[in-house]
Amino acid sequence: MTVHHPPVPVSRRRLLTGAAAVAAAGAFGGALTAPTAARAAVDGFGLRVVSPPNNHGGRLQYYRFATDAIGWDPAVNVLLPDGYHTSGKRYPVLYLLHGGAQDFRQFHMHENIINLTAGREIIVVMPDGGTGWYCNPVNSLVGPRDWETFHMSQLLPWIDANFRTFAEYDGRAVAGFSMGGFGALKYAAKYYGHFCSVSSHSGPASLRRDGHLVVHWANLTSAAKELGGGTVYGAPVFDQARISADNPMERIPSYHHKRVFLVAGTAPEPINWFDVANETQVLAGQREFRAALSQAGIPHEGREVPGGHFFRHDMFIDDLNGMLGRLRRAG
């Protein structure tokens with residue numbers, strides 16, 4: 001497959017921000033006024049808010065949506081920086097993607113994300129992703145499960161329309177754990193002009209190695225937990241074009257001009273087959289990916305640390321420091 005080097009994105013030359021960006025978004029069904037601290041979130045971009053926000057003026061904002069992209073009502077937690085409601089500032093955004101068999105509450109309920117980001121001037125968006133591998137599947141037997149459409153075509157512009165963000169390349173980062181780490185690498189490459197920083201915490205970076213093992217795993221887990229027997233990548237015959245479009249290893253040039261952070265464990269628990277199967281494959285795939293980045297002359301940071309398949313708070317703090325160094329500063 002020939003991979004063409006992507007042009008430096010138009011969004012790096014500063015997209016419209018502020019009221020101009022939101023007004024322009026109105027032509028596509030978005031909000032028509034600039035977001036303020038007091039204004040309630042509005043519908044748009046194919047999303048209809050169906051649950052009132054459970055925020056009480058605090059940092060953590062909760063929304064649930066009706067959307068034609070998903071056959072049930074997915075939710076999102078939006079974690080605002082300290083002082084957001086009174087500062088008047090615009091902020092960079094981190095899209096933080098959960099792993100398989102988790103949901104939008106994972107980082108809030110289990111990973112202490114509120115304390116991990118205390119005092120940091122960044123908005124953290126944590127959406128539902130099901131066990132859909134951040135893809136629009138080849139087929140679903142239980143109604144629409146187009147997670148890629150929900151995240152990239154609906155939620156991302158909705159966030160920019162309803163919060164004080166920088167709607168530009170230098171204003172967004174994407175990161176994730178496990179399945180979400182794959183999703184982050186995929187979105188950063190496939191939607192090149194959207195994210196200036198990408199981070200994968202124990203996420204697979206190579207779909208085709210070891211006989212397409214990660215593709216088989218994505219198909220099996222999505223069929224069992226998400227698609228009612230449908231698959232992400234097709235079975236028994238794979239949709240090869242879709243795999244190539246999603247595979248970080250086949251999109252190496254798309255990581256030029258980005259900050260890239262990768263971490264994987266080197267010592268999964270030997271009596272835990274799930275831990276061994278996951279992190280052994282993750283580590284091998286990340287090593288392959290890092291070698292390809294190096295060969296292409298793309299700077300990146302790779303960490304190999306003790307332990308198995310889990311979200312490491314100390315690595316996230318290091319990663320967050322790097323993100324904030326790359327992203328446009330709040331102001």
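The values are calculated or read from the model by the stated rules, or taken from the named source; none is laboratory data. Only a predicted model underlies this, so the values are computations on that prediction, with no experimental measurement involved. Virtual Cβ from ideal backbone geometry, glycine too; neighbours counted across all protein chains shown. Just so you know, the surface numbers come from the protein's heavy atoms only, side chains and all, with ligands and any DNA or RNA stripped out. Shrake-Rupley method; radii C 1.70, N 1.55, O 1.52, S 1.80 Å.
Brief remarks follow.
- Bridge type composition, the chain - antiparallel percent by DSSP, nearest 5: 40
- Shape category assigned to region 236-331 from the gyration tensor of Cα positions, a/c cut at 1.5: oblate
- The figure for TYR62 is an accessible area of roughly 50 square angstrom, using a 1.4 Å probe on the protein chains alone.
- Here, the chain is characterised by an Rg to Rh ratio of 0.94, where Rg is the alpha-carbon radius of gyration and Rh the Kirkwood radius.
- Amide proton proximity set for ARG303, modelled H, under 5 Å, gap of 5+: LEU262, VAL263, ALA264
- Those residues of region 254-288 whose amide nitrogen sits under 20 Å from the label point placed on ASN321, 7 Å along Cα→Cβ: 259-265
- Converting phi to 3J(HN,Hα) with the Karplus coefficients 6.51, -1.76 and 1.60 and the offset θ = phi - 60°, region 225-234 yields 10, 10, 10, x, x, x, 9, 6, 10, x Hz in sequence order, with x at every glycine or proline.
- Residues with amide H under 5 Å from that of LEU97, placed H, sequence gap 5 or more: ALA175, GLY176, PHE177
- Max mean-square fluctuation residue, GNM over the chain, Cα-Cα springs under 10 Å, options ALA241, ALA167, ALA101: ALA241
- When a 1.4 Å probe is rolled over the protein heavy atoms, the share of accessible surface on region 89-176 that falls to carbon and sulfur comes to 48 percent.
- DSSP bridge orientation in region 112-260 - percent antiparallel, rounded to nearest 5: 10
- Spin-label zone in region 167-201 - amide nitrogen under 16 Å from a point set 7 Å from the Cα of ARG329 along the C-beta vector: 171
- For PHE45, nonlocal amide neighbours, meaning residues 5 or more places apart or on other chains whose placed amide H falls under 5 Å from its own, are GLY30.
- Per residue solvent-accessible surface (Å²) - the chain, probe of 1.4 Å: 39
- What the phi angles of region 77-92 give under the Karplus curve with 6.51, -1.76 and 1.60, with θ = phi - 60°, is a coupling list of 9, 10, 9, 8, x, 4, x, 4, 5, 10, 6, x, 6, 9, 9, x Hz, glycine and proline written as x.
- Rounded to the nearest whole Hz, the Karplus-based 3J(HN,Hα) values (6.51 cos²θ - 1.76 cosθ + 1.60, θ = phi - 60°) of region 183-188 follow the sequence x, 5, 4, 5, 4, 5, with x at glycine and proline.
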